[in-house]
Every structure is written in structure tokens, then in C-alpha cells.
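Here's the structure we're looking at; comments come further down.
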Amino acid sequence: MKKQVHRATFDLSGKKVPGILTLKARRSTLELWNDEFFHVFGGTLHGTTADAKAVSVLDCLESHPTSTSGKEHSGFRGSVRFGLVTVGHGEHLDADDEAVIAVEFSFEELEWLSRTGVNGPYSYIPDPDPALIESLRQHKPDYMPDVGDGAMLAYFGGETTVLPETPTEIGTVSINRGLNVQVGGGVSFTDMSSVAIDFDTPLTVHETSDRMNALRHFFGLAMGYLPVVKGAKIATSRRTGRDTRQYPVFQLDLHCPGERPGSKERLGHRLLDCNGQPRKDELRTVLTSWFTRNANQERRDANWRFFDCFFEGRHFSINRTIAAANMFDLLPKSDWPHSKMKDLKRKIRHKAESVRHAIGANRLARLEEVVDHAVDCRNHYVHGTPAKLDYNRVHVQAFLTDTLEFVYGVAELIECGWNAQRLADLQPGDHPFASYLKVYDLQLNRSGI
């Protein structure tokens, strides 16, 4: 999300205090100053910018200003730490206001979910039929340039709905394509796709942020890395469209400085996308099932632990290996064939068996042995049991950690209705799971297992 700077006046217990709100991801700041002493009691601060935008700064921590003085002037200045911000031509919001009816956000890689060819949904006709040229001459607006016999036609394919409205536990999810046309020095089309969640009942800003973040992480799993959010907007009211349907009015920007930053990695293909109706249907099935299953608190805890590990990318550590093994213990008892199954190795072997079956029995030879060694590694650092491999070798630790995350992530997707045969069509650079599968035999031999 691009840096924003807002000069505003904030209301502190009836006192008007000027300040500068700088919104730049985790480096966001709020600086206040005044001639008189002021006190930030915490909670929510409301302010108004010079261009009449409403600013709501939520989760502020209590703070006291420090005195400043110069040759001719003295006053008080203070910094405020906060969690969430809304700003725009809408209403002020408090933390407990159940007012948000929808959220819309975008990220740079979103168009890949719907790309249908080399140029996506945009193309051109270098030698159009004369009838097309004549039709354009007759129907073009007067301000457009004349159309010559040698004209070329550029066009947008017209599919504005990438993912139809899909009801889920977190709300109705959809992906829609906008279009930005730039003219001057040539004509170019830019994709402006966005994800929207329309809520069944109004939510607080915190609940909205949580659901947006959960969907962002889901797409991160499909893409192989956590995407960088370009912008997010929330709606607190609706308007009636031409077809008499009610549409959210997105008047407030939402900023979440505390969220995990996105990755700078860019991979080639996705485990899930909207390229063709079968793939679109699969995405809807997996998306719906993922959040239905995620409604279980135990599974949700396990999934967040998985994301904490998976989005570390190629940065490995002992703590990551331990966490990657422990996340299987967080899964609900219903995942195991025997209610009394408590042995961690048996739990992970059970998941690994389903993964091998889905991918193909001729792949991932001795996967259960690798799983056992991964748990042995965990036990060595947690309980002090004897080491069975040299865990200090980076490629060994990486292989064992990747195995745990691969088994967990693939098993969860399979149980949501994903076709794991998709991995066979991908190259190592397309997704971490594709890379793991392609180099599995090499890593197995290198590890000494």
C-alpha cells in the first residue's frame, strides 16, 4: 500500500490537537503536538483532515507528550502507537461499532488468478474487417479521432466477474476485474482486479481486518507466498444500482499496520486459479470448504501456526522445525482415525499417507521415514533425545521442515476438494510445493536417511 500522509485535527477529551498521521505499513506513525499539555488515554482517536476526511485511529496505547521549547515558543509533542486506521469521506468509527458491511482489497498478483492467455483478457485486431471499421466510424463519440481504413482495434474481452459470488463462513467472496485505459503515447489496458467480502451481518473494524487477513493468507497458500496488499476499502452503506440490486459504497480506506508484511517473491503459477470453468469451480469448492473447516477453533489455530511457518520462505531455524511438527497436534481429534491417537509420528504419517495416495504411490518414496526423522529432530530439541541425523546441516533441517509443511498444507487442500495432480503440471519455480516434489528424491539421498 502506498504511503499516505494526513494532516488532521484530533479530538482529545474535548481538546482539539493537531497531528500528522503517516500510513506506511509497519512504519506508520501518529505525531501530535499542542501549546497546552494533552493526554492520550488510549482506545480510539477521531480526527478530521483539511479536506474533510474522517480519521479513526483504533487501538491507541496510552501516552504522554514531552515538553519542547525553542527561543520563542514552547509546547508539547507526543507519539501514539496504534493498531488500525480508517480514513475517507465516510463516518468516524469506534472499535465496537458493528457498522462494516463489506471490504474490498487488491494485491499486485491478483490478475494471475484470472489470466486466460499471454495478454490476459486484452487483445487487438491488426487487420479488422471493414464492417467493424465502418461500425466504429458510425458509433464513436465526436471527441474521438477519425477512424482511417488502416485502423487497428484493441479490445477488452468483457469478463468483469473473475470469481462469482461465493458464500463462505467469512462472508460472500467474489473477485471482480476493473479496467484502467491509458491513452497517450499509445493505448494500454491495466488490470484492476479486486477481492470483495460482503458480510452477512455488519461487523466491527477488527472483525473486518481479521477476515480480510484470513482470505489474504488463503490466497498466499495458493500462490506460494504472502501477497502485498495494494489497498483496502470498507463500506458502511449501500446504493441501488441499475438492476435494483444493492451495492456496497466503499468510502473508507482501511489500514492495518500490524499485519505480516507481504513477500517480494514472485512465482509463476498457482495451485488454484480461475483459468477456465473447471478451475473456477475448484477454487470455489476449496475456498468454501477451507473456511467452513476453519470455523473450528482448533483447526484455525493449527492453520495459523502453519502459515507462520510456511511464509518464512527459505529462512529455516530450529524453532520453525519444532513449530512445523507441533501444528499437527493442534488439529481437532476428528482428523484422526482413532480418537485416542496421541503419538505425533502416527498423526503425521496418517496425513502423509493421504498425500501419497492423492499424488501417486510412485512419488515420495519413504515419505513416512522422512516424517519420523522430522519428529525425531523436533524431539531432540524439545526433549533432548539422541540425534539420529546431523541436524546442523542446513539442507537436512530444510528438508525435514519442508516435509512437515508440505504434508500439512497439501493434506489440508486435498481435504477441501483440491486435485493434487495439479502439482505434476508445475515446475520447481512455480510454487514451494512443486519445488519440494520435483527435488524430493535428490534431497532424500542428500539427507542420509
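The values are calculated or read from the model by the stated rules, or taken from the named source; none is laboratory data. Quantities reported herein were computed from a predicted structural model and do not represent experimental measurements. No Cβ is skipped: glycine too gets one built from the backbone with ideal geometry, and neighbour counts run over all protein chains shown. Only protein heavy atoms, including side chains, enter the accessible area calculation; ligands, DNA and RNA are left aside. Shrake-Rupley method; radii C 1.70, N 1.55, O 1.52, S 1.80 Å.
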Go through Val375, Gly448, Val205 and say which Cα lies farthest out towards the positive end of the charge dipole of the chain; charges sit on Cβ, +1 for Lys and Arg, -1 for Asp and Glu. Gly448
Could you tell me the center-to-center distance, by alpha carbons, between the stretch 377-423 and the stretch 244-311 in angstrom? 23
How much accessible surface does Tyr381 have with a 1.4 Å probe, in Å² rounded to 10? 80
Can you tell me the length gained on complete extension of the stretch His338 to Asn275, counting 0.36 nm per residue apart and subtracting the Cα distance? 18.7 nm
In deg cm²/dmol and to the nearest 500, what is the mean residue ellipticity at 222 nm of the chain if only DSSP H runs of at least 4 residues count, each as -39500 (n - 2.57), divided by the residue total? -10500 deg cm²/dmol
How much accessible surface area, in Å² rounded to 10, belongs to the heavy atoms of Trp290 with a 1.4 Å probe? 10
Probe radius 1.4 Å, ligands and nucleic acids ignored: give me the carbon and sulfur share of the accessible area of the chain as a rounded percent. 49
Accessible surface of Phe76 in the full protein assembly, 1.4 angstrom probe, to the nearest 10 Å²? 60
Would you work out which of Asn419, Ala302, Val100 lies farthest towards the positive end of the dipole of the chain, given +1 charges on the beta-carbon of Lys and Arg and -1 on that of Asp and Glu, about the Cα centre? Ala302
Looking only at the stretch 431-449, which residues have a backbone nitrogen under 19 Å from a spot 7 Å from the Cα of His315 in the C-beta direction? 432
Distribution output for the chain: share of Cα-Cα pairs per 20 Å bin in percent, first bin at 0, values 21, 44, 29, 6, 0
Expressed in nanometres to one decimal, the distance between label points 7 Å along Cα→Cβ at Ala424 and Lys438 is 1.7
Give, in nm to one decimal, the length gained when the segment between Tyr155 and Asn362 is fully stretched (0.36 nm per residue of separation minus the Cα-Cα distance). 69.8 nm
Gain upon complete extension [Asp127, Val228; 0.36 nm per residue less C-alpha separation]: 32.4 nm
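Sort Lys280, Lys264, Lys71 by accessible area with a 1.4 Å probe, largest first. Write out the running numbers ahead of the final one.
Numbers: Lys280 20, Lys264 190, Lys71 215 Å².
Largest accessible area first, the list is Lys71, Lys264, Lys280.
Report the relative contact order of the chain, percent, no decimals, based on alpha-carbon pairs under 8 angstrom and at least 6 residues apart.
Relative contact order, the chain: 13 percent.
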Cβ charges +1 (Lys, Arg) and -1 (Asp, Glu), total dipole of the chain, debye: 1240
Projected label distance in nm at Gln297 and Arg77, using a 7 Å step from Cα toward the beta-carbon: 4.6
Past 19 Å, Cα to Cα, is the threshold; run Lys2/Lys280; Lys3/Lys233; Lys345/Lys438; Lys264/Lys438 against it and keep the listed order. Lys2/Lys280; Lys345/Lys438; Lys264/Lys438
Where Val228, Val375 fall by accessible area, highest first, once all protein chains stay in place (1.4 Å): Val228, Val375
For the chain, the per residue accessible area (1.4 Å probe, Å²) is 50
Proximal charge balance of Leu254 [Cβ under 10 Å; K/R count +1, D/E count -1]: -1
